[in-house]
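J.: One structure is given below, represented as structure tokens, and several questions about it will come after.
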Amino acid sequence: MAKREVPEINAGSMADIAFLLLIFFLVTTTMDKDTAYLRTIPKKVETQQPQSPVQEKNIYKIAINSKQVIQARDSIIKPEDISTLNSKIKHFYLVNRDKKVNRNIDYPYYAFGSIELYQNNLNAQNNRLGALESQEVIDEKTEKMIEQALGAIEQWSEKLEMMKLYAQFSGKKEMPEIAFEAHIRLESFIDTDYSAYVAVQSEVQKAVTELRDKEAEELFGMSYTAMNRTYQQRITEDTPELRTFKKHMELIETLFPLKLIEVKPKR
Amino acid sequence: MSKFKKNDEKGAPAINTSSLPDIVFMLLFFFMVATTTKEIDPLVRVNAAQGSGVTDLTPFKQRSEVDFVYLGEPMKGDASKFEKGIAVQYDGILHPDGINHIGKWKLDKFKDKPAELTAPKENIITCFKADEKVPMGMIFTARGILQDLDFNSIAYSAQEMGNKTEYSIREQ
């Protein structure tokens, strides 16, 4: 018997189907990604204790008025010159870094931590805790002090870990730490435009990211941005690689903290 | 002469279109990969503010850890009905209370999600997608409400401006 040939399937309408799908996707999706600046609102405080004022040198004040003119410390910046903020903020961070003498008194000072210093502090807190716990009567006051000591121990051991990591990668014995209180203070008016506010946020973010990238590149040979991106995409996984990324990022964030205080407008 | 006559009678040969589906499928797959689905239809006009060094929210969206609030002029209807001419869009609606509704909206959204799927309250980001001209006073009102309810993560939406150095800021 002669073999019957399989008739060819007409694929002429395949293109039509594909076009339909294509057009469906074109209509229901968008190209632009959602991008934003992530910020946190400080937790509300219950107690109304008067807080001790922060020293002028530790504040970098940026104010935007309702005409989008910016005042950064003593200089007035017109809206078209916003990009000069970048170098000003970097200057604020870097001017006293690695300096122990001849410091500029208008900018935040740096403290220098070392493994010995942190180890000593940790030991001191441990001794204090031991002394407190061995007391015969443990009243409310002692309990509070024990809690404090435990908190301090946790803090110092975290710092010690970071210091060890820093020493391991930089080969230096001392880690420069910017003054704890140093921050950028962003003030705006009720009528300040969103775009101007975001532009200042952008400059602050850019300056700090560039500082972090440079430091990370020097220490770990990989930029902070790249580490952060990988980390955010795979945050739900728990691999050793991700954990080292997290540690490295934490170190970089302690070296260049982004402390931005956004003040509620009054006018 | 007779040669030419013959050709005329035959007509043009059909073009082979068998690879057309392949090409279209390629395009289709490109768009499927390169785009993201639209969340909702916008009811307010938003000209995005620009900035550099922005964070991509896609991973947060995939984990549904981000809620969007849209602020801008309404596309339809009278803008003067709204405070300062700026309408606030929550999911599919323009709420008449404007920005003051944000607290109730956030709480409802938080309660609606099944308990095992919700991230901790302070990790859920509230993203403000605001028009360039939106006054900051409104955003700070929202911040105050969110602070009272312990929703501590917020985001200011902005478009990556790439290599441009000029920000688009309204001159006055």
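The values are calculated or read from the model by the stated rules, or taken from the named source; none is laboratory data. Since the structure is predicted, the reported quantities are computational estimates derived from the model, not experimental observations. Here the Cβ positions follow ideal geometry from the backbone for every residue, glycine too, while neighbour counts run over all protein chains shown.
J.: What residue, among those in the stretch B:1-16 that are of a type outside the set (Lys, Arg) and at pLDDT below 80, is nearest to B:Gln62 (Cα to Cα)?
T.: B:Gly11
J.: Scan the strands (runs of 3 or more DSSP E) fully inside the stretch A:31-99 and keep the ones with 3 or more residues being under 21 Å from the mean Cα position of the chain (by Cα) and more than 14 Å from chain B (Cβ to nearest Cβ).
T.: Counting at least 3 such residues, we get A:59-64.
J.: Going residue by residue through the stretch A:132-154, is there one that turns out to be loosely packed, with under 14 Cβ neighbours inside 10 Å, modelled with pLDDT of 85 or more and closer than 30 Å to A:Lys57 by Cα?
T.: The answer is yes, given that some residue of the stretch A:132-154 is loosely packed, with under 14 Cβ neighbours inside 10 Å, modelled with pLDDT of 85 or more and closer than 30 Å to A:Lys57 by Cα.
J.: Just wondering, is there one or more residues in the stretch A:157-179 that are surrounded by 17 or more Cβ atoms within 10 Å (Cβ to Cβ) and within 14 Å of another protein chain (Cβ to nearest Cβ)?
T.: no
J.: Counting only residues that are in a loop (DSSP other than H, G, I, E, B) and more than 26 Å from A:Val204 (Cβ to Cβ), how many does the stretch A:100-143 have?
T.: 9
J.: Does B:Ala142 satisfy being surrounded by 18 or more Cβ atoms within 10 Å (Cβ to Cβ) and within 7 Å of chain A (Cβ to nearest Cβ)?
T.: For B:Ala142, the condition - surrounded by 18 or more Cβ atoms within 10 Å (Cβ to Cβ) and within 7 Å of chain A (Cβ to nearest Cβ) - is not met.
J.: Let me ask something else about it. Taking only pairs six or more apart or across chains, which ones have beta-carbon atoms under 6 Å, a first residue in the stretch A:3-30 that is farther than 23 Å from B:Thr17 by Cα and facing chain B (nearest Cβ under 9 Å), and a second residue that is surrounded by fewer than 12 Cβ atoms within 10 Å (Cβ to Cβ) and modelled with pLDDT under 85?
T.: Close Cβ pairs (under 6 Å, with a partner that is surrounded by fewer than 12 Cβ atoms within 10 Å (Cβ to Cβ) and modelled with pLDDT under 85) amount to A:Thr29/B:Thr37; A:Thr30/B:Lys38.
J.: Can you pull out the residues in the stretch B:70-83 that are at pLDDT below 80 and within 13 Å of another protein chain (Cβ to nearest Cβ)?
T.: The first filter runs over the stretch B:70-83 and keeps only residues at pLDDT below 80, leaving B:77-83.
B:Glu83 - this is the single residue of the stretch B:70-83 that is at pLDDT below 80 and within 13 Å of another protein chain (Cβ to nearest Cβ).
J.: Inside the stretch A:168-208, can you point out the residues that are of a type in the set (A, V, I, L, M) and over 15 Å from the mean Cα position of the chain (by Cα)? Show your work before the answer.
T.: Looking only at the stretch A:168-208, we keep the residues that are of a type in the set (A, V, I, L, M), and these are A:175, A:178-179, A:182, A:184, A:186, A:190, A:196, A:198-200, A:204, A:207-208.
Within the stretch A:168-208, A:Met175, A:Ala179, A:Leu186, A:Ile190, A:Ala196, A:Val198, A:Ala199, A:Val200 meet the criteria.
J.: With respect to the numbered conditions (1) closer than 30 Å to A:Pro79 by Cβ; (2) among the polar types (S, T, N, Q); (3) within 7 Å of chain A (Cβ to nearest Cβ), which one is the sole condition not fulfilled by B:Thr58?
T.: The single condition B:Thr58 does not satisfy is (1).
J.: Which residues, counting only those in the stretch A:130-163, are among the hydrophobic types (A, V, I, L, M, F, W, C) and under 30 Å from A:Leu255 (Cβ atoms)? Lay out the reasoning, then the answer.
T.: Taking the stretch A:130-163 as the starting set, the residues that turn out to be among the hydrophobic types (A, V, I, L, M, F, W, C) are A:131-132, A:137-138, A:145-146, A:149-150, A:152-153, A:156, A:160, A:162-163.
Once the filter is applied, which keeps residues that are among the hydrophobic types (A, V, I, L, M, F, W, C) and under 30 Å from A:Leu255 (Cβ atoms), the stretch A:130-163 yields A:Ala149, A:Leu150, A:Ala152, A:Ile153, A:Trp156, A:Leu160, A:Met162, A:Met163.
J.: Quick check: is even one residue across the stretch B:146-169 basic (Lys, Arg), closer than 24 Å to A:Asn86 by Cα and out of contact with any Lys or Arg (no Cβ under 9 Å at 6 or more places or on another chain)?
T.: Yes, because at least one residue in the stretch B:146-169 is basic (Lys, Arg), closer than 24 Å to A:Asn86 by Cα and out of contact with any Lys or Arg (no Cβ under 9 Å at 6 or more places or on another chain).
J.: Pairs only if they're at least six apart or on different chains, beta carbon under 8 angstrom, first in the stretch B:18-41 and modelled with pLDDT of 80 or more, second of a type in the set (Phe, Trp, Tyr); list them, first residue then second.
T.: From residues that are modelled with pLDDT of 80 or more, the pairs are B:Val24/A:Phe19; B:Leu28/A:Phe25; B:Phe31/A:Phe25; B:Met32/A:Phe25; B:Thr35/A:Phe25.
J.: Tell me which residues, restricted to the stretch A:215-267, are touching a residue at least 24 places away in the same chain (Cβ under 8 Å), buried (at least 17 other Cβ atoms within 10 Å of the Cβ) and not in a helix (DSSP H, G or I).
T.: Within the stretch A:215-267, A:Phe256, A:Leu260, A:Glu262, A:Pro265 qualify.
J.: Restricting to the stretch A:233-267, give me the number of residues that are of a type outside the set (Asp, Glu) and within 14 Å of chain B (Cβ to nearest Cβ).
T.: Residues in the stretch A:233-267 being of a type outside the set (Asp, Glu) and within 14 Å of chain B (Cβ to nearest Cβ): 15 in total.
J.: I'd like to verify a number: residues in the stretch A:85-100 that are polar (S, T, N, Q) and at pLDDT 85 or above, how many?
T.: Qualifying residue count for the region: 2.
J.: Of B:Asp41, B:Asp67, which residue is in a loop (DSSP other than H, G, I, E, B), more than 25 Å from A:Thr209 (Cα to Cα), of a type in the set (Asp, Glu) and more than 10 Å from chain A (Cβ to nearest Cβ)?
T.: Just one listed residue meets the conditions, B:Asp41.
J.: Check off (1) at pLDDT below 85; (2) within 24 Å of A:His183 (Cβ to Cβ); (3) surrounded by 12 or more Cβ atoms within 10 Å (Cβ to Cβ); (4) of a type outside the set (Asp, Glu) for A:Ile105 and give me the number that stays unchecked.
T.: Failing condition for A:Ile105: (3).
J.: Tally up the residues in the stretch A:180-213 that are without any contact (Cβ under 8 Å) to a residue 60 or more places away in the chain, within 14 Å of another protein chain (Cβ to nearest Cβ) and either farther than 20 Å from A:Leu85 by Cα or surrounded by fewer than 18 Cβ atoms within 10 Å (Cβ to Cβ) (or both), please.
T.: Residues flagged as without any contact (Cβ under 8 Å) to a residue 60 or more places away in the chain, within 14 Å of another protein chain (Cβ to nearest Cβ) and either farther than 20 Å from A:Leu85 by Cα or surrounded by fewer than 18 Cβ atoms within 10 Å (Cβ to Cβ) (or both) within the stretch A:180-213 amount to 0.
J.: Of these, B:Lys84, B:Lys109, B:Lys129, B:Lys164, which one is charged (D, E, K, R), part of a helix (DSSP H, G or I) and under 23 Å from A:Lys33 (Cβ atoms)? Outline the logic, then answer.
T.: On the way: B:Lys84 fails: under 23 Å from A:Lys33 (Cβ atoms); B:Lys129 fails: part of a helix (DSSP H, G or I); B:Lys164 fails: part of a helix (DSSP H, G or I).
It is B:Lys109.
J.: Contact list please: Cβ distance under 6 Å, first residue in the stretch B:67-94 and over 24 Å from B:Phe151 (Cα atoms), second residue surrounded by fewer than 19 Cβ atoms within 10 Å (Cβ to Cβ) and basic (Lys, Arg), pairs at least six apart or on different chains.
T.: If the second residue must be surrounded by fewer than 19 Cβ atoms within 10 Å (Cβ to Cβ) and basic (Lys, Arg), the pairs left are B:Glu73/B:Arg45; B:Met75/B:Arg45.
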